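Bear in mind that the values in this text are calculations on the coordinates, not laboratory data. Every value quoted in this text rests on a predicted model; they were computed, and no experiment measured them. Here the Cβ is made from the backbone with ideal geometry for all residues, glycine too, and neighbour counts use every protein chain on show.
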Amino acid sequence: MTKFYELSTDERLDRLVADGLLSESDAVLLHDGGLNADIASRMVENHIGDFPVPLGLAEHFLIDGEQYLIPMATEEPSVIAAAGNAAQRIARSGGFHTDSVRGGITAQIVFRGGRSGDSVDAVNEDADGAGATHVGADGDIPSLAILAEMNVAGNVVDSQQTKNPWLDFLHAHIARINEIAQQAHPTLVSHGGGLRSVSVRRTSDIGAVEHGAMHGDTLNHTGNCAGNNAKSVATNSTGTCAKMYAGEFIEFDLLIDPGAAMGANTVNTIAEAVSRYLADQLPQYELLMAILSNCAPQQRAKACACIDAELLATKDMPGAQVAERIAAASRFAQVSELRAATHNKGIMNGINAVVLASGNDTRNVNAAAYADLSERHRTWTDWRFDGEQLIGEIDMPMPIGSVGGAISTLPTAKLAMRLLRQPSAESLMGIIASVGLASNLSAMRALVTRGIQAGHMNLQLQSLAMMAGAQGAEAEELIRWLRANPRQASLAVAQEQLRRLREE
């Protein structure tokens, strides 16, 4: 049987229909384009057309004992083939094994300051006149400290102190907060979601401002900084006045389980409803904002794979040597900021392609993923060689859903989910993480053996032929010529060779 990658686009669609993976109407949708103007114009403002991105299938994925064809939407050559190539090697050694956690999405309800004249160095009394938690200039309670945390059953999760007015506040209001959350989105609980906990934290900001421009401060008649918010006064290198200012924010963090959805609209709706109630209870504070956070450490996907070393061999390098070099490349990404950026981009090549194809929010996933990194934790993957097998792991935030939004609106996204056999949100998280791990393996194997460009060359030559204006049979002929003359591969040369082909 002809291999899938050797077929034309129409032949691939015919095979998918024959195998029962697509319906005839699905094939028509993919052939003709999947988005009509009525749908598109209701999704974005000032709609003028569509911007199609190629959709392909990555083969050979064995994930948690199930075979998958993975839909991937990307304009970048080699991403799909590279993922499938790595997946095939991994499948021969047992496939991917995944674990996903959906702990919830955080919504931030932020208040600032207190009543005019209140000290910025103390937490004011709550609305019922309970005691105060005082914080001196030396910061007895550190910035970002959680003052109190309670689940919706009224059980204390975390608290700075036994006697804590914010803990008392939560005890008094948690039942009503949960009730308001349920009223804001009545069907969420029936879908397995809902408010899980509420925490209160204090966040202080300290910074320098020239000429007392912040918080209404001014320069007095001697040219010194003046203002109630000044913590210290200094002169900077230009001789102008630089003032240190301090501000304080009180933040209520709502941990909300969005069910099977990604949950942005749901979380924001609940946050805004609860914020209005809290503002009424805390008139001494000014409500600043209510919004979900795209930092999503509680929505996490893990995938691991073990590959027999001999399956990594090239014609010039034995598998054990390839495996050891991949493990070394992985360690280098952990210690090199420059390399980590490119290492992570290779992971996201695969992840973004599946996220986009499934109708999920690529910006959200990227924001959460990169928020997870730090100087001590520069990437999401780790590879090590035990002498017989290369062992790889990926562990990263994955705030996606399996229903709602574009997932349930875009015809092609719905088709992609059918190709994946309508996975649960947890399963989809594991699938996406597996593709990220495969993409990472393929890139590193290429890097430590023949180099990255060799695998890219064929599709790059195809792109070059299209840029030159070649179509149909002449494109195939031009690509063959470019493949035979790779050192001459440039747009100008391709255009000249195309002119000669047309003259023959």
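Computed quantities for the displayed model
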item: Label point at GLU504 placed 7 Å out along Cα→Cβ; residues across region 464-479 whose backbone nitrogen lies under 18 Å; result: 465-466, 468-479
item: For region 246-305, Kirkwood radius (reciprocal of mean inverse C-alpha pair distance, Å); result: 13.7 Å
item: Segment VAL156-HIS171, length gained on full extension (0.36 nm per residue, minus Cα span); result: 4.5 nm
item: Three-way shape call for region 458-503 based on the alpha-carbon gyration tensor, with the a/c threshold at 1.5; result: rounded
item: Amide N of region 285-312 lying under 12 Å from the label point, which is placed 7 angstrom from the Cα of SER336 along Cα→Cβ; result: none
item: Residue order, fewest to most beta carbons within 10 Å, for ILE391, ILE479, ILE109; result: ILE391, ILE479, ILE109
item: Relative exposure of HIS343, HIS47, HIS97, judged by other C-beta atoms within 10 Å (fewest first); result: HIS47, HIS97, HIS343
item: Value of D in µm² per second that Stokes-Einstein yields for region 1-55, Kirkwood Rh from Cα pairs, at 25 °C (0.890 mPa s); result: 187 µm²/s
item: Förster radius 22 Å - calculated FRET efficiency between ASP64 and ARG92, Cβ distance, rounded to 0.05; result: 0.85
item: Segment HIS47-GLU474, extension gain: residue separation times 0.36 nm, minus the distance between their alpha carbons; result: 150.2 nm
item: Candidate aspartates and glutamates - alpha carbon under 17 Å from LYS3, same-chain residues fewer than 8 apart omitted; result: GLU11, ASP14, ASP19, GLU59
item: Efficiency of FRET from Cβ geometry, GLU6 and ALA489, R₀ 25 Å, rounded to 0.05; result: 0.65
